[in-house]
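FYI, it's all coordinate maths here, none of it is from the lab. Predicted model, so just to flag it, every value in this text is computed and none were measured. Virtual Cβ from ideal backbone geometry, glycine too; neighbours counted across all protein chains shown.
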Amino acid sequence: MTPISFDYPVSVAILYYGGTASDLQDTLEAVKGLQEALEERGHMVRTVQVTEKNWRKAVKIPGQVVFNLVEDETWELYIKVGVRLEEMGRAQMGHDLNCFRYITKKAWIKRKMKRQNISTPAFRIFNKRSKISQVRGLEYPLIVKPSGQHAGIGISQDSVVIDQDELVARVKYLFKHFPGEVIAEEFIDGREIHVTVIGNGKKAVTLPYCEISFGGEFKDNWDVYTYEAKWEEKSWEFWSAKAHAPAKLKRKVDERIEKLVLKAYRAFACRDIARLDIRLDSKDRPYIVDINMNPSLNYYDDQDATIKSVEAMGWSYSEFIETLVAITYKRVYGRLPDRVRERHFLLAAPI
């Protein structure tokens with residue numbers, strides 16, 4: 001696989017949501033890296049911080065390809081922006097209208113995987129009217145997480161429960177602190193592999209797999225990639241969970257994972273890029289525990305799973321980002337540009 005480059009520069013709009021939380025700071029770093037990478041390749045980049053007041057204007061910002069990184073806490077602004085971009089026929093990187101339901105409600109991912117016979121841990125979904133007293137067909141330990149969150153929000157060492165009392169307590173805690181449904185699924189106590197897929201249809205391909213290794217104090221705790229492990233630099237989890245690529249796997253296991261993730265990627269009609277998080281059980285059987293249709297692309301995060309996979313492939317970050325823009329551009333416009341198409345581009349483009 002080789003990078004895709006442009007003969008003529010294009011314009012890109014990056015819409016993002018700001019904030020002080022660690023995961024939102026990650027978004028700000030990602031915006032900086034994306035802009036630098038695309039300008040390095042000669043493209044024109046416009047960035048806009050989107051708010052409830054300016055989102056209608058923001059979606060009209062010129063750009064032949066648009067990154068929607070407006071990941072607000074309730075997803076309401078994100079959906080407004082994404083839906084309007086699709087209605088306007090903009091070339092939005094990644095997911096479409098059909099995918100929004102899966103991004104904002106992970107319980108829908110679980111239900112569809114079950115219907116499609118896609119390997120995922122056995123689960124139960126609770127709403128506030130559900131009786132939590134029994135979880136028939138599930139074996140403890142379970143991991144309990146909010147359906148409507150992302151980036152590890154709501155996931156901690158306390159998320160893994162070993163009996164009914166702990167389950168009830170955790171579900172009640174999540175209902176108190178987060179809106180929407182709660183998922184309880186069997187905890188697969190094994191290796192964690194993150195697989196980034198790029199492309200569309202039959203041309204979708206997997207990048208080298210990234211593994212999250214749990215060392216240090218994890219030996220006395222659950223091997224869970226918590227919010228703290230992902231974002232909180234002052235926590236022991238952050239320093240004890242490390243991403244590395246390529247993951248060393250037996251050939252048969254590698255092939256099982258590839259077959260599974262490509263099946264899921266196509267079943268969910270993923271576009272351009274997605275990252276699928278896998279857990280392997282004691283028999284090396286893979287289970288999908290999450291599908292990220294808008295994965296982090298933070299060049300400045302040395303633990304970013306997708307970036308680790310890119311590095312293992314031998315590509316530069318700018319080559320990878322330009323390839324993603326090209327994949328999106330070709331999907332929408334049919335082919336790469338044969339001339340500079342945006343008016344006044346040459347006057348404003350970086351040298």
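Below are the figures for this structure:
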| item | result |
| --- | --- |
| Residues with amide H under 5 Å from that of residue 273, placed H, sequence gap 5 or more | 94, 199 |
| At most 10 other Cβ within 10 Å, DSSP loop - GluC sites (Glu not before Pro), the stretch 51-121 | 52 |
| Cα long-axis angle, helix 317-333 against the chain (0 to 90 degrees, to the nearest 10) | 80 degrees |
| 30 Å Cα-Cα threshold exceeded, pairs from 53/308; 32/110; 128/308; 53/105 | 53/308; 32/110; 128/308 |
| Gap separating the Cα centres of the stretch 1-71 and the stretch 290-320, nearest whole Å | 16 Å |
| Helix-derived mean residue ellipticity, 222 nm - over the chain, DSSP H n ≥ 4, -39500 (n - 2.57), to 500 | -10500 deg cm²/dmol |
| Anisotropy class of the stretch 246-351 from Cα gyration tensor, a/c 1.5 cut | prolate |
| Range of Cα positions in the stretch 122-186 per principal axis (Å), largest first | 27, 25, 19 |
| Estimated distance in nm for a label pair at residue 74 and residue 341, the labels positioned 7 Å out from Cα along Cα-to-Cβ | 3.6 nm |
| Exposure proxy order (Cβ contacts within 10 Å, fewest to most) of 74, 47, 120 | 74, 47, 120 |
| Gyration tensor (alpha-carbon) shape descriptor, the stretch 1-61, a/c threshold 1.5 | oblate |
| Burial ordering of 284, 254, 277, fewest other beta-carbon atoms within 10 Å first | 284, 254, 277 |
| Burial ordering of 1, 44, 93, 313, fewest other beta-carbon atoms within 10 Å first | 1, 313, 44, 93 |
| Electrostatic dipole magnitude of the chain [Cβ: Lys, Arg +1; Asp, Glu -1; Cα centre; debye, to 20] | 1880 debye |
| Estimated translational D of the chain in µm²/s (Stokes, Kirkwood radius over Cα pairs; 37 °C; 0.692 mPa s) | 156 µm²/s |
| Added length on full extension, which subtracts the Cα-Cα distance from 0.36 nm per residue, residue 283 to residue 32 | 86.2 nm |
